[in-house]
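What follows draws every value from the coordinates through simple rules; no lab data is involved. The structure displayed is predicted, hence computed values, not measured ones. Cβ coordinates were reconstructed from backbone atoms using ideal geometry, including for glycine residues, and neighbour counts include every protein chain displayed.
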Amino acid sequence: MTFELTILGTSAAVPYHDRWLAGQVLNVQNKLILFDCGEGTQFRIKALKIKKSKIDIICISHLHGDHIFGLFGLLTSMAMEGRKHPLSIFAPKGLEDIVDITFKNSAYISPFPIEFTEVDTENAAPVFEDKTLIINAFPLSHRIPATGYCVREKPFPANIIPEKIQEFDIPFDKINAIKNGENYLTTEGVLIPNSELTYPPLKPRSYAYCSDTAYDERIVPHITGVDLLYHESTFMHEMAAHAALTGHSTAKQAGQIAHLAQVGQLILGHYSSRYDNLDWLLNEAKIEFKNTVLGIDGNTYSVDLQRFNA
Ligand SMILES: [Zn+2]
Ligand SMILES: [Zn+2]
C-alpha cells in the first residue's frame, strides 16, 4: 500500500535551471492528490509518468502565480484526454473566479465537473474525508491568505492471525468483530483477548505541506507527529529579516518547526534562485532537525507501512 510524495518543482517565484515551480503529487493507496500547480506542472506530470486521470483532488496553498499558473493548462489537457469524472479543487477564496473568468473569455466549457471548495485561511478545519484518508487545512503566514494541508490515513483494521481461526474454531461471522477489536468467547466459554488473535495494527501514515509561509509556531499543532513534512525554506538564515518581510522561511526556521512538531522527516523546498548549492540550506536545517533532506525535482519520498509496537 503506497504512501509516497513526488516533487515536481522546488523553485520559488521563477523557474531556475533544473528547478521547476511549485507542485507535488502525493500517492495515498493509489489516490493521487496534487499540491499546488505552478507553471509547467503538466509537463512535469508527463515527464515523471504520473497518470493525470488519477488525480481527483488538487489542494492549492495560495494564489501567487508560481503556485497556480499551471492550472489552466492542466485542466484543459485533462479534458483533451477525455476526462469525464469530477475533479475537486480546494483553494483560498478567489481561485474559482480566476478560473471562471479565464475559461469564459476563451469561450471554454469544461467537459468534466470541477468542484471548488473555498478553504478558510483563518481557521483550521477538515476539508476532505473518505474511507482512506482525511485532509485538514490550516492557516499559514504569507503576504496573501495562504493555507497548509495535512493528509492523514484513517486507522487500519487489525489483521487476524490465520492460524488462530483454526485453533479456536472461530466462525466466519465473528471475524469482522475481531478485526474491529472485540475479544472472542469460545464455545467452551473461554474468553480469548483480541491481542492474542490479531497482529498489532498498521500505523496510519501522514504528510503535511507548508508552502509559502513565514516562521510561525502556530502551525506546529496541526502537523505534530507527521511522518513527512514539506516546509518551505526559501532563504538561508542570514536573510531572516528579508524572509520575514516577504512571508517566507529560512532553512533554519524550517528545521525549528520540524523539531517542535516532532515529525519523522523534513523535506526542504521552494528555494530562491540565488542558491546554486542547496547543501548550504540542508546543512543549516540539519543543525535544528537531523532527519532533513533536500526536496529535489523529480524525487520520490515514501513512508513504509509499519505495525504498532513493531
Ligand atoms: Zn511561492
Ligand atoms: Zn507566495
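At most 11 other Cβ atoms within 10 Å and a DSSP loop assignment: could you name the trypsin sites (Lys or Arg not before Pro) in the range 68-124 that fit?
Hits after loop and neighbour filter: Lys84.
Nearest 10 degrees, 0 to 90: what angle lies between the long axis of helix 95-105 and the longest principal axis of the chain (Cα atoms)?
60
In what sequence do Trp280, Trp20 fall when counting other Cβ within 10 Å, fewest first?
Arranged by neighbour count, lowest to highest, Trp280, Trp20 become Trp280, Trp20.
Helix 251-261 sits at what angle to the longest principal axis of the chain, using alpha carbons and giving 0 to 90 degrees rounded to 10?
Rounded to the nearest ten degrees, it is 30.
If you put +1 on each Lys and Arg Cβ and -1 on each Asp and Glu Cβ, how big is the dipole of the chain around its Cα centre, in Debye rounded to 20?
Rounded to the nearest 20 debye, it is 540 debye.
To make sure I understand, if each residue's beta carbon is the centre and we count other beta carbons within 10 Å, what order do Cys37, Cys59, Cys150 fall in, fewest to most?
Cys150, Cys59, Cys37
Where does helix 279-288 land angle-wise versus the long Cα axis of the chain, in degrees 0 to 90, nearest 10?
Compared with the principal axis, the helix lies near 50 degrees.
Please name which of Ile144, Gly38, Thr76 has its Cα lying farthest along the dipole of the range 1-145 towards the positive end, using unit charges on Cβ (Lys, Arg +1; Asp, Glu -1) and the Cα centre as origin.
Positive-end residue among those listed: Thr76.
Return the long-range amide H neighbours of Ser249 (sequence gap of 5 or more, or a different chain), with a cut-off of under 5 Å between placed amide H atoms.
Under 5 Å from the amide H of Ser249 lie the amide H atoms of Thr213, Thr234, Phe235, each far enough along the sequence or on another chain.
Need the full-extension length gain, Met80 to Thr187, defined as separation in residues times 0.36 nm minus the C-alpha distance. One decimal, nm.
Full-extension gain reported as 32.3 nm.
Please get the size of the charge dipole for the range 207-310, origin at its Cα centre, with Cβ charges of +1 on Lys and Arg and -1 on Asp and Glu, quoted in debye to the nearest 20.
240
What are the ³J(HN,Hα) values, in whole Hz, obtained from phi via the Karplus relation 6.51 cos²θ - 1.76 cosθ + 1.60 with θ = phi - 60°, for each residue of the range 57-72 in sequence order, with x given for Gly and Pro?
9, 10, 10, 9, 7, 6, 9, 5, x, 5, 10, 9, 6, x, 5, 5
According to the square roots a ≥ b ≥ c of the eigenvalues of the Cα gyration tensor, what is the shape class of the range 1-143, taking rounded for a/c under 1.5, prolate for a/b larger than b/c otherwise, and oblate for the remainder?
Judged from the Cα gyration tensor, the range 1-143 comes out rounded (a/c under 1.5).
Given R₀ = 51 Å, FRET efficiency for Ala125-Ser195 by Cβ-Cβ distance, to 0.05?
Using R0 = 51 Å, I get an efficiency of 0.90.
From the C-alpha coordinates alone, can you work out the Kirkwood hydrodynamic radius of the chain, in Å?
Taking the inverse mean of 1/r over all distinct Cα pairs, the chain comes out at 20.9 Å.
Compute from the Cα atoms of the range 91-226 the Rg and the Dmax, the latter being the longest Cα-Cα distance, and quote both in angstrom.
In order Rg, Dmax, the Cα atoms of the range 91-226 give 23.5, 76 Å.
I'd like to know which of Phe172, Ala22, His85 lies farthest towards the positive end of the charge dipole of the chain, counting +1 on Cβ of Lys and Arg and -1 on Cβ of Asp and Glu.
Toward the positive end, the furthest listed residue is His85.
Please list, in order along the range 27-42, the HN-Hα scalar couplings obtained from phi with the Karplus expression 6.51 cos²θ - 1.76 cosθ + 1.60 (θ = phi - 60°), rounded to whole Hz, x for Gly and Pro.
Values, residue by residue: 9, 10, 6, 6, 9, 9, 10, 9, 9, 6, 8, x, 3, x, 4, 5 Hz.
Just in the range 50-158: which GluC sites (Glu not before Pro) are loop by DSSP and have at most 16 other Cβ atoms within 10 Å?
Here the GluC sites (Glu not before Pro) that fit, given the DSSP loop and packing criteria, are Glu81, Glu122.
With +1 on the Cβ of every Lys and Arg and -1 on the Cβ of every Asp and Glu, and nothing else charged, how large is the dipole of the range 155-220 about its Cα centre, in debye rounded to the nearest 20?
Magnitude of the dipole: close to 160 debye.
Per DSSP H run of at least 4 residues, take -39500 (n - 2.57); add these up for the chain, divide by its residues and hand me the 222 nm value, nearest 500 deg cm²/dmol.
Dividing the helical sum by the residues of the chain leaves -6500 deg cm²/dmol.
Fewest to most neighbouring Cβ within 10 Å: what's the order for Lys290, Lys131?
Lys131, Lys290
Dipole of the range 156-310 (Lys/Arg Cβ +1, Asp/Glu Cβ -1, origin at the Cα centre): which of Thr187, Trp280, His242 lies farthest to the positive side?
His242
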